[in-house]
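Structure, as structure tokens:
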Amino acid sequence: MDLPGPIHDFLLVFLGLGLILGSIGVVLFTNAIYSAFSLGLVLVCISLFYILLNSYFVAAAQLLIYVGAINVLIVFAVMFMNGSEDSKDFNFNLWTVGDGITLPVCTSIFVLLMISITDTSWYGIIWTARSNQIIEQDLISNSQQIGIHLSTDFFLPFEFISIILLVALIGAIAVARQ
């Protein structure tokens, strides 16, 4: 989307806040239905990020596949499995030993990721991919162009999205384990 700078920045902050709050909700809610709805919020925010990046096909695929199919499947599975469980609306668990171990491990992985991202010379990677893309532009189909865009122009957002989805999956497993 071609939006003016302040509006674009506001939308980025707003979607980022929704993404962070939704992911915290996925991990901290003890009620699996609330956690699944928080996951739906995270996935919708991710698709809106793709719209801001002018990647409409990936945004539509994100909405249809993840929000429309997988999240609905999770909600139905939770509803069938936990039909007799009493609902604890906003009951948060306090720290456990596993949380004390998980926090430094996840923080160190995050710091290592940030260090590797900042130390990588992205200019050379993008320059090589773009020159190959210009040479082979006439011979490439639409699906191949989407793959090229995901591996060049939208590489970092795609990888961040995959990391966020992995965190959401781990959160769903942690909630389901209780």
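Quick notes on this one:
- Among the residues of the stretch 103-117, those that are farther than 13 Å from Val167 by Cβ and open to solvent by less than 60 Å² (accessible area, probe 1.4 Å) comprise Ser108, Ser116, Ile117.
- Only residues that are closer than 26 Å to Asp153 by Cβ and aromatic (Phe, Trp, Tyr) were counted across the stretch 13-52, and they come to 3.
- The residues listed here are Ile20, Ile46; of these, the one that is in a helix (DSSP H, G or I) and either surrounded by fewer than 20 Cβ atoms within 10 Å (Cβ to Cβ) or free of Cβ contacts under 8 Å to residues at least 12 places away in the same chain (or both) is Ile20.
- Counted as qualifying within the stretch 50-142 are the helices (runs of 4 or more DSSP H) with 2 or more residues that are at pLDDT below 60, namely 122-135.
The values are calculated or read from the model by the stated rules, or taken from the named source; none is laboratory data. All values derive from a computational prediction rather than experimental measurement. Glycine also receives a Cβ, built like all others from the backbone with ideal geometry; neighbour counts cover every protein chain displayed. Quick note on the areas: whole protein, heavy atoms, side chains included, nothing else; ligands and nucleic acids left out. Shrake-Rupley method; radii C 1.70, N 1.55, O 1.52, S 1.80 Å.
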